[in-house]
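No lab work stands behind these numbers, since they all come straight from the coordinates. This is a predicted model, so every value here is computed, not measured. Here the Cβ is made from the backbone with ideal geometry for all residues, glycine too, and neighbour counts use every protein chain on show.
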């Protein structure tokens, strides 16, 4: 059910996003055509999140898969309302019918139509799996009077952010979190990262190929490495954002590393599985596949990066860049190290030992490897 849930979430979330951006009068509600998909990595964690730059507001969507009980769908109602603690607006996506044929979408709509819920800024959508259609039953028709504030630095990409952290280093960080679990307070800032950074600068951590991490550290390196080491593990739900304490997923991944080793196929496949699913990199890969089917792929990778970014921007999958587009940053694209990461796990076919961009073709994904990783999941190794 996990992969079915994720696939349908993306399908119907993208459909809602597209209808809003195209100005569909019923779906648009209070939102503008500037709305884009973004990340929602903190708890509570919605299934699909959008950001409207005109309203400076985030819209959190909860999706419930078909053939579930009435209880499950009422749980979804509670979840979508709870999102209003952290997000300005929320929405719930349900099938028309529960597993016993009960008209659950109409029931939830009647509930939200009662006077007590009049000012609750939660919309309701109903879908028909057989026809792959979706309708809006309850729109948000007025802006929220009092809501949490959104700051620009909160708007993240919908896929997990990653830099050069290796699988060996992920294991080290998980292990350090376990070692300091009995300490109070922010164990990441007080214990985990100071020890991890000391190991890094002393060349005691390993790169992807197993050789010591060997780089020139400057006065600015510590702050950068602190973020580089923390963010991916938070976004993969491996530890808490506030203190760096292991979650259930974190304990499970660490257990796999303890059993089989950090460089084992079991550990690497489990980490890749989380990156593809929880980290939503599979969604990004599918978008890139679509881009390569509908465009003429350039011969140069730099031109490809520009065209892909325009495609992502035009379809609402990234936020607006500064004037000048991809020329404004230290790197030349929104996608900085994602392809490098995928190559480490064998998710890309390669031209030779160092090149995986094919002129005029783009990136070719190793779907056999991706399928194997998705089939195995983490539970296969526990």
*Label residue 147 and residue 209 with points 7 Å out from Cα along Cα→Cβ: what is the distance between them in nm?*
5.0 nm
*With everything on Cα atoms, drop me the angle between helix 301-314 and the longest principal axis of the chain, reported from 0 to 90° to the nearest 10.*
20 degrees
*asked:* So for the stretch 2-154, considering every pair of alpha-carbon atoms, how many percent are separated by more than 25 Å?
replied: 22 percent
*Taking neighbour Cβ counts within 10 Å as the exposure measure, how do 334, 48 sort from fewest upward?*
334, 48
*Extension gain residue 164-residue 367, at 0.36 nm per residue separation less the Cα-Cα distance, in nm?*
70.7 nm
*asked:* Taking the 0 to 90 degree range and rounding to the nearest ten, how far is the long axis of helix 281-294 tilted relative to the main principal axis of the chain, both from C-alpha atoms?
replied: 80 degrees
*When the chain is fully extended, how far beyond the present Cα-Cα distance does residue 7 get from residue 67, taking 0.36 nm per residue of separation?*
20.1 nm
*Give the percent of DSSP beta bridges with both residues in the stretch 2-154 that are antiparallel, rounded to the nearest 5.*
55 percent
*Taking other Cβ within 10 Å of each residue's Cβ, how do 9, 218, 133, 75 sort, fewest first?*
218, 133, 75, 9
*Based on the alpha-carbon gyration tensor of the stretch 163-382 and its eigenvalue square roots a ≥ b ≥ c, which shape applies: rounded if a/c is under 1.5, prolate if not and a/b is larger than b/c, or oblate?*
prolate
*asked:* Quick check: convex hull of the Cα atoms in the stretch 237-324, volume per residue, rounded to a whole Å³?
replied: 155 Å³
*Estimated 222 nm signal from helices in the chain, with DSSP H stretches of n ≥ 4 weighted -39500 (n - 2.57), rounded to 500*: -12500 deg cm²/dmol
*Indicate, rounded to the nearest 5 percent, the antiparallel portion of the DSSP beta bridges found entirely in the chain.*
60 percent
*Can you tell me the relative contact order of the chain? Whole percent, Cα pairs under 8 Å, sequence separation 6 or more.*
13 percent
*Sequence of 213, 3 once ranked by neighbouring C-beta atoms within 10 Å, starting from the fewest*: 3, 213
_If you average the alpha carbon positions of the stretch 257-299 and of the stretch 336-380, how far apart do those two centres end up, in angstrom?_
7 Å
*From Cα coordinates alone, what are the radius of gyration and Dmax values for the chain in angstrom?*
21.8, 65
*Round to the nearest 10 and give me the degree value, 0 to 90, for the angle of helix 367-376's Cα axis relative to the longest principal axis of the chain.*
80 degrees
*asked:* Considering only C-alpha atoms, what is the centroid distance from the stretch 92-141 to the stretch 1-64, in Å?
replied: 16 Å
_Using Cα-Cα distances under 8 Å and only pairs 6 or more residues apart, what relative contact order does the stretch 196-271 have, in percent?_
14 percent
*How much FRET efficiency would the formula 1/(1 + (r/R0)^6) give for residue 53 and residue 353, where r is the Cβ-Cβ distance and R0 is 41 Å, rounded to 0.05?*
0.45
*Please state the relative contact order of the stretch 2-154 as a whole percent: Cα pairs under 8 Å, 6+ residues apart?*
18 percent
